[in-house]
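Working notes for the structure below.
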Amino acid sequence: PIPCVPWQSQTSGQYQRRVHGDPVDDEEALNARAEELKKELSSLPACKPLAIAEFEKDDDTNFHIDFITACSNLRATNYTIENAARHKVKMIAGKIIPALATTTAMITGLVGIELYKLALGLDNLEAYRNAYCNLGVAQVLNQVEPTPPKRAVEGLDPETFMPIKPVPEGFTSWNKIEIKAEGKNLTIGEFNKLLAEKHFGVECNLIGKYGVTKAEIEAGKGMIWTENLGLKKEIQDEMKALLDKPLMDRWKDFYGEPTRDYVVLDIGCETPDGDDAKIPKVKYIYK
């Protein structure tokens, strides 16, 4: 391509374009260059016509499985997904055709219809549909819009059956609180203080992993830190000492090195008035 650099008119102050030092209206030079490029393209050897290739996983001489293995593993690496061996790719690839003819084709078609609407410039929400498909019972539902998320309201905690207040009132599962370490290796005590400053003065009394599994709880990895007067004195003393320990060191003791520059935490806390509170999940950006 012909490089272009901006230049500013002495009179109007408007930005125009200059090609190789020539004025922007030098159409003759541009046309001449275009003709040269056409001649170069016409002199290139003709490409062989494309031919349809039937996928065959059991023929190693066609390199189909090698190509799929390379592409899928490159894609997996982009998302920190474990790479697959060639024989596993071969086994998976042989089972794709039935799925492609059913669910995948249906979803692709439904998404395509919505993209057509977007391309047509439809800007009213009622024109779009949220589809639900269940091939087991041959059911397809098209909703005008997704069901709105459930909002947190004041009431009884379903786990403790004690009164609890949402902070703020009406938050949903789409909300989150971001706490940034900004290069510091925050201790648990510093994290608790920063959370209070960032979110309505709540006082943290429990830090856990968001989405902790049953197996992790049974292995004693359910709580990263807690402040509970009902626990044994030895455990209370241990938790008090942990306030001076970096939060991410404690996380790594339980769950190993994170694969991202943040972790998502489930927080138990109280309002400044001492009422039990529930807050959105916390995204702690530790790097």
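Observations on the model:
- Residue match in segment 124-136 (condition: open to solvent by less than 50 Å² (accessible area, probe 1.4 Å), more than 26 Å from the chain's Cα centre (by Cα) and under 27 Å from ALA53 (Cβ atoms)): no
- When residues of segment 47-77 are limited to those that are of a type in the set (A, V, I, L, M, F, W, C), open to solvent by 100 Å² or more (accessible area, probe 1.4 Å) and not in a helix (DSSP H, G or I), the one modelled with the lowest pLDDT: CYS47
- Subset tally (residues that are over 45 Å from the mean Cα position of the chain (by Cα) and at pLDDT below 80) for segment 2-41: 9
- Out of ILE235, ILE207, sole residue that is part of a strand (DSSP E or B), under 18 Å from ILE188 (Cα atoms) and β-branched (Val, Ile, Thr): ILE207
- Segment 258-287, residues that are outside any strand (DSSP E or B) and over 16 Å from ALA152 (Cα atoms): PRO258, THR259, ARG260, ASP261, PRO272, ASP273, GLY274, TYR286, LYS287
- From the list THR108, THR104, THR160, the one residue that fits, being under 30 Å from ASP60 (Cα atoms), among the polar types (S, T, N, Q) and either loosely packed, with under 11 Cβ neighbours inside 10 Å or without any contact (Cβ under 8 Å) to a residue 60 or more places away in the chain (or both), is THR104.
- Answer residue from segment 87-103, given it is of a type in the set (D, E, K, R) and in a helix (DSSP H, G or I) and is farthest from the chain's Cα centre (by Cα) among those: LYS90
- Enumeration of residues in segment 147-157 that are exposed (fewer than 10 other Cβ atoms within 10 Å of the Cβ) and of a type outside the set (D, E, K, R): THR147, PRO148
- Of all the listed residues (TYR262, TYR284, TYR255), the sole one being under 21 Å from GLY211 (Cα atoms) and either in contact (Cβ under 8 Å) with a residue 60 or more places away in the chain or touching a Pro at 6+ places or on another chain (Cβ under 8 Å) (or both) is TYR284.
- Residue in segment 267-283 that is surrounded by 15 or more Cβ atoms within 10 Å (Cβ to Cβ) and closer than 19 Å to GLY183 by Cβ present: yes
- Selection of first residues in segment 179-201 that are touching a residue at least 24 places away in the same chain (Cβ under 8 Å) and surrounded by 19 or more Cβ atoms within 10 Å (Cβ to Cβ) and of second residues that are part of a strand (DSSP E or B) and hydroxyl-bearing (Ser, Thr, Tyr), restricted to Cβ pairs under 8 Å at least 6 apart or on distinct chains, gives the following pairs, ordered by first then second residue: ILE179/TYR284; ALA181/TYR284; PHE191/TYR284.
- Within segment 59-86, if we keep just the residues that are within 21 Å of the chain's Cα centre (by Cα) and of a type in the set (Ser, Thr, Tyr), the residue that is farthest from ARG260 (Cα to Cα) turns out to be SER72.
- In segment 236-248, residue most open to solvent (accessible area, probe 1.4 Å) [restricted to those that are touching a residue at least 24 places away in the same chain (Cβ under 8 Å) and out of contact with any Leu (no Cβ under 6 Å at 6 or more places or on another chain)]: ASP244
- Per-region count, segment 142-183, residues within 16 Å of HIS199 (Cβ to Cβ) and of a type in the set (Asp, Glu): 2
- Considering segment 202-215, the residues that are in contact with a strand residue (DSSP E or B) (Cβ under 7 Å, 6 or more places away or on another chain) and charged (D, E, K, R) include one that is surrounded by the fewest Cβ atoms within 10 Å (Cβ to Cβ), namely GLU203.
The values are calculated or read from the model by the stated rules, or taken from the named source; none is laboratory data. Keep in mind the model is a prediction, meaning the values are calculated, not measured. Every residue, glycine as well, gets a Cβ built from its backbone with ideal geometry; the counts of neighbours run over all protein chains shown. These accessible areas exclude ligands, DNA and RNA; they are computed on the full protein's heavy atoms, side chains included. Shrake-Rupley method; radii C 1.70, N 1.55, O 1.52, S 1.80 Å.
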